[in-house]
Amino acid sequence: MEYIGYFSSILIGVALGLIGGGGSILTVPVLVYLFTIEPVLATAYSLFIVGLTSAVGSVGYFKKGLVNIKTAIVFGIPSIIAVFTTRALIVPAIPKVLFSTDNFTLTKDLFLMLLFAVIMIFASYSMIKKDKKNSMEAPQAQKFNYPIILLEGAVVGIITGLVGAGGGFLIIPALVILSKLPMKEAVGTSLVIIAAKSLIGFFGESGENGVNWQFLFTISAFAIVGIFIGTALSKKVDGAKLKPAFGWFVLVMGIYIITKELFLK
């Protein structure tokens, strides 16, 4: 299983490099099902892996001038505050057992995995649906809908803090629609936001779980290799055409997690 896990870690980076998002949503299932890490710790590890991989992936976008610093700051600040607060205060406050009946017990681990699966299903929809506009690359005068951007940044931060996913599937459409960024610039800016909030969220951990740094850096290294592969492939393959197929895969994974957690244990 470990070898499959390492290969899957490469795919996380490939997806990030090729389609600009979605790869991070595979990280928690890889850690839980292939490396048998318990879900709460897996969400923390995912923050580090996703954050470091996104940081490396954003370098190329910086070099090409495809990162909008102002947008990253406006969207990133509420997101960073939300993810840090979630990891430092909210996640530790969730009880080990939320409720229990004669036939069913909702534990903290089960709650996080089910929440993650639901988010995967929502993410798959955003990947599968066809964009109504094909003119997203056309330059537009940038304007900020500050209340909505701040609210969405906070919501994305909370989701990231709870389930350890970077949230690129939410951030990229938000940047295109709310900040009027061209798609490629939205992808580069998204990677910077994901890197900052994920890494800061990781270091907001309460410290109740020990960290296996060797394991973390090993998985991150495989994911970073993947993002270089994905970036190289993006020059030859249209990531937009692969995005729906990846979305269907994410949908199947989300349904599988719900089925496994509720019925196959």
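The values are calculated or read from the model by the stated rules, or taken from the named source; none is laboratory data. All of these numbers come straight from a predicted model, not from anything done at the bench. So basically every Cβ, Gly included, is an ideal-geometry build from the backbone, and we count neighbours across all protein chains shown. Just so you know, the surface numbers come from the protein's heavy atoms only, side chains and all, with ligands and any DNA or RNA stripped out. Shrake-Rupley method; radii C 1.70, N 1.55, O 1.52, S 1.80 Å.
Within segment 169-192, the set of residues being assigned to a helix (DSSP H, G or I) and on the phi > 0 side of the Ramachandran plot is empty. Summed over segment 215-252, the residues that are open to solvent by 50 Å² or more (accessible area, probe 1.4 Å) and over 23 Å from A55 (Cβ atoms) give a count of 10. Here the condition is being in contact with a Ser or Thr (Cβ under 8 Å, 6 or more places away or on another chain), more than 16 Å from G167 (Cβ to Cβ) and open to solvent by less than 20 Å² (accessible area, probe 1.4 Å); of G5, G13, it holds for G13 alone.
Is it fair to say G161 is within 22 Å of K197 (Cβ to Cβ), at pLDDT 80 or above, of a type in the set (G, A, S) and out of contact with any Leu (no Cβ under 6 Å at 6 or more places or on another chain)? Judged against the criteria, G161 is a match.
Among the residues of segment 79-120, the ones that are without any contact (Cβ under 8 Å) to a residue 24 or more places away in the chain, closer than 24 Å to L151 by Cβ and either open to solvent by less than 30 Å² (accessible area, probe 1.4 Å) or in contact with a Phe, Trp or Tyr (Cβ under 9 Å, 6 or more places away or on another chain) (or both) come to 1 in all.
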